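Engineer: Mind looking over this structure? Questions follow.
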Amino acid sequence: MKALFLFRRLMKMDYRRTLMDIRTSAQRSGRTFSFIAWDMFRCGIRYGAGPVDYTLFAFYDKTEDQRASYVTRTISTQLVRTLNDAGYRQFLDSKSLQCRKFSPFMKRDWMCTSYMNPASFARFCQGKQAFLYKPDTGSCGKGIRKYLPAQDNLPRLFEEIASLPAGVLEEVICQHTALSELNPGCVNTVRLVTILQNGVYTPVCAVLRMGRSGNIVDNLNSGGIAARIDLQTGLVSGPAADKAGNLYECHPDSGITVDGFQIPLWDQVLSLGKALSQTLPQMKYVGWDIAIRQEDVIFVEGNWLPGHDIMQLPAFCADGYGILPAIRKAISAA
């Protein structure tokens with residue numbers, strides 16, 4: 001299985017990107033291009049780490065024991081195949097099905113564009129300052145648009161949205177003031193990764209995702225930054241980081257210190273993660289995106305690929321170890 005997966009990866013590999021990763025790792029480590037190329041190949045065979053994993057997780061600076069503690073892309077795929085029933089992925093793949101499945105936890109207006117007409121669209125827009133359009137399929141915040149119905153012509157707006165791929169419209173979330181002060185440009189969500197094994201719920205990782213000025217999403221792959229959250233206290237521990245490995249002691253736009261930032265309503269965040277997991281128990285390994293309002297917490301979306309990258313950025317692994325032991329412990333403890 002592992003050899004077949006690696007063979008397929010080799011066939012689909014972006015070799016130009018691989019050369020860039022080798023050069024980047026060589027420059028950061030002070031080692032030769034040939035040494036990094038061989039070590040990268042060896043880590044692919046031994047740990048299932050592709051060139052992106054190798055560079056992103058700084059494997060060039062890791063011991064063998066540390067490398068073995070990381071959820072690499074290959075291991076992530078194996079976990080997903082083992083823990084998540086493929087027949088139920090549709091409830092997390094499709095925004096429309098997600099909204100229906102988790103409707104009790106949405107706590108905001110939404111509608112499917114496939115079923116809207118001018119009258120229902122006008123009713124949805126009534127009283128709203130803004131709403132988001134999200135395509136049914138897609139990831140990394142791609143395709144999301146923000147509309148201001150009060151400042152637009154509704155018939156024209158209806159025609160524009162009706163011409164887009166099927167998706168959902170969602171009322172914009174009014175987030176907690178503490179998170180709005182941190183970054184007011186978009187909703188800053190918590191990515192809570194959970195395991196539900198034999199009915200036992202275990203949070204294994206939590207990350208605060210923050211947007212940047214000018215962005216309408218907080219996704220790391222769309223220019224956002226992220227910081228690790230201590231599961232016990234709800235306090236951010238350490239600096240924030242972006243996908244390029246840059247560190248931020250303070251949010252670069254608001255100037256608010258990231259380390260020690262208290263996530264509001266933390267107990268409610270953990271409780272919502274449990275309720276969401278139990279709503280779709282066939283998917284045992286999920287990354288839940290949760291928004292925090294002034295009085296409560298609400299569901300944003302679920303990801304059956306929880307994001308092995310955002311969980312293990314070097315800034316979040318000060319001791320050099322990844323999150324795989326925590327995941328294995330959660331699986332075996334149940």
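The values are calculated or read from the model by the stated rules, or taken from the named source; none is laboratory data. Predicted model only: the values in this text are computed from it and were never measured. For neighbour counting, all protein chains shown are included, and Cβ atoms are generated from backbone atoms with ideal geometry for every residue, glycine included. Side chains are part of the model used for accessible areas, which takes the heavy atoms of the whole protein and leaves out ligands, DNA and RNA. Shrake-Rupley method; radii C 1.70, N 1.55, O 1.52, S 1.80 Å.
Engineer: Can you give the FRET efficiency for Leu148 and Gln197, using 1/(1 + (r/R0)^6), R0 = 35 Å, r = Cβ-Cβ distance, to the nearest 0.05?
Structural biologist: Plugging the Cβ-Cβ distance into 1/(1 + (r/R0)^6) gives 0.20.
Engineer: Hey, another quick one. Which entries in the list Lys62/Lys284; Lys101/Lys134; Lys128/Lys243; Lys107/Lys142; Lys101/Lys243; Lys107/Lys134 go over 26 Å, if you measure between the two C-alpha atoms of each?
Structural biologist: Long pairs (Cα-Cα over 26 Å): Lys62/Lys284; Lys128/Lys243; Lys101/Lys243.
Engineer: Report the Cα-based extents of segment 92-151 along its three principal axes, largest first, to the nearest Å.
Structural biologist: 31, 24, 21 Å, listed from the longest principal axis down.
Engineer: Counting helices only, and only those DSSP H runs with n ≥ 4, report the 222 nm mean residue ellipticity of the chain as the sum of -39,500 (n - 2.57) divided by its residues, in deg cm²/dmol to the nearest 500.
Structural biologist: -10500 deg cm²/dmol
Engineer: Place the peptides 228-235, 59-66, 91-98 in order of packing, highest mean first, counting for every residue the other Cβ atoms within 10 Å and averaging per peptide.
Structural biologist: The most tightly packed comes first, giving 91-98, 228-235, 59-66.
Engineer: Please provide three numbers in whole Å: the alpha-carbon extents of the chain along the principal axes, with the largest listed first.
Structural biologist: Extents along the principal axes: 64, 45, 42 Å.
Engineer: Another question, if that's okay. Quick one: pull the percent of accessible area on the chain belonging to carbon and sulfur, 1.4 Å probe, ligands and nucleic acids left out.
Structural biologist: That fraction is 54 percent.
Engineer: Using a probe radius of 1.4 Å on heavy atoms only, what accessible surface per residue do you get for the chain? Whole Å² is fine.
Structural biologist: Normalised by residue count, the accessible surface of the chain is 46 Å².
Engineer: With angles folded into 0 to 90 degrees, how steeply does helix 15-29 sit against the dominant principal axis of the chain? Use alpha carbons for both and round to 10.
Structural biologist: So the inclination is approximately 70 degrees.
Engineer: Residue farthest toward the positive end of the dipole of segment 220-320, with Cβ of Lys/Arg at +1 and Asp/Glu at -1: which of Cys250, Trp288, Gly320?
Structural biologist: Sorting the options by dipole projection puts first Trp288.
Engineer: Below 12 angstrom from the Cβ of Ser76, what's the summed charge of the other residues (Lys, Arg +1; Asp, Glu -1)?
Structural biologist: Counting the neighbours of Ser76, the net charge comes to 0.
Engineer: Related question: Please list 290-302, 161-173 highest first by mean number of surrounding beta-carbon atoms within 10 Å per residue.
Structural biologist: Put in order of decreasing packing, that is 290-302, 161-173.
Engineer: If I fit a long axis through the Cα atoms of helix 324-333 and take the longest principal axis of the Cα atoms of the chain, what angle between them do I get, 0 to 90°, rounded to 10?
Structural biologist: Long axis of 324-333 versus the principal axis of the chain: about 70 degrees.
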